[in-house]
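Reading through the structure tokens given below for one structure.
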Amino acid sequence: MGLARGLERRLEQLVDGLAARLFRGRIHPVELGTRIVREADLAAFETRAGPGAPNVFVVTLGGEPEADEAVTEAERELELVMAEAAAERGWRLEGPVTVEIRFGDGPASSAEVETAVEPGEVLPWARFESAGGSPIDVGINRSVVGRSADADVHLTSDDVSRQHALLWREAGAIWLADLGSANGTFVGEERLTDVVDLLDGDLIAFGGTKLTFKVL
């Protein structure tokens, strides 16, 4: 499983910055990023909201350790790449992406990737706004919207079903689907009967609860 060209360009910049020494004689950053995404794909699993993937990655490189600054730069860039790749593939991550680079006894060209799932708070990527209430942030990709206390986007109105709708990012777009709710999900005046792609500023109603969708 490869990377989009934009993500490849981000990783290619690592060979010119602080992390240049880290990758000299080692695996190329693009190959490493591709390997991390592949390991995530191999470890993917089903959640209540669809496909999920690990969010923690421990990368063990061979060769001598490098300066902390170079390692930190590479870790941060790999985290951004993995987060974007997960959104592109429509994966649900239960917490923020974390990449840790360690050094082992293998040859400099070696690289091993271990994965794990660690729940945690993630930064919001979207928000629901209403005229008279507080905004509701969306952090988890493949968020379940509903009245249930364990819904990712919790709405308290009685006309909202416990698991009312599903909201997620995939393939460069944002998608919304009704989950068989009693009172329906509407975009504008149209009741959803199929998956629909959302745009910033769309007016959405979960039953009678009317909200404006904003992309952050």
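The values are calculated or read from the model by the stated rules, or taken from the named source; none is laboratory data. Quick caveat, the model's predicted, so the values are computed rather than measured. Virtual Cβ from ideal backbone geometry, glycine too; neighbours counted across all protein chains shown. Accessible surface areas use protein heavy atoms only, side chains included; no ligands, DNA or RNA. Shrake-Rupley method; radii C 1.70, N 1.55, O 1.52, S 1.80 Å.
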Across Ser181, Ser143, Ser134, the residue with the highest GNM fluctuation in the chain (Cα network, 10 Å cutoff) is Ser134
About its Cα centre, segment 85-216 carries a charge dipole, from +1 on Lys and Arg Cβ atoms and -1 on Asp and Glu Cβ atoms, whose size in debye to the nearest 20 is 260
Hz values of 3J(HN,Hα) by residue in segment 154-169 - Karplus curve (6.51, -1.76, 1.60), Gly and Pro given as x:
8, 10, 9, 5, 5, 7, 9, 6, 4, 10, 8, 8, 10, 10, 7, 9
Here FRET efficiency (C-beta to C-beta, Phe103 to Leu203, R₀ 41 Å, nearest 0.05) is 0.20
Taking a ≥ b ≥ c as the square roots of the eigenvalues of the Cα gyration tensor of segment 119-212, is the shape rounded (a/c under 1.5), prolate (a/b larger than b/c) or oblate?
rounded
Share of carbon and sulfur in the accessible heavy-atom surface of the chain [1.4 Å probe, %]:
48
Relative contact order of segment 32-162 (C-alpha contacts under 8 Å, at least 6 apart) in percent is 26
Note the full-extension length gain between Ala44 and Thr72 as 0.36 nm times their separation in residues minus their Cα-Cα distance, in nm to one decimal.
7.5 nm
Checked the chain against the a/c 1.5 cut and the a/b vs b/c comparison, axes a ≥ b ≥ c from its Cα gyration tensor; verdict prolate
Of Val117, Leu78, Pro107, which is farthest on the positive side of the dipole of segment 68-126, counting Cα position, with +1 on Lys and Arg Cβ, -1 on Asp and Glu Cβ, and the Cα centre as origin?
Val117
Along the charge dipole of the chain, which of Gln13, Thr193, Gly63 sits closest to the positive end, that is, farthest toward it, with unit charges on the beta carbon of Lys, Arg, Asp and Glu (+1, +1, -1, -1)?
Thr193
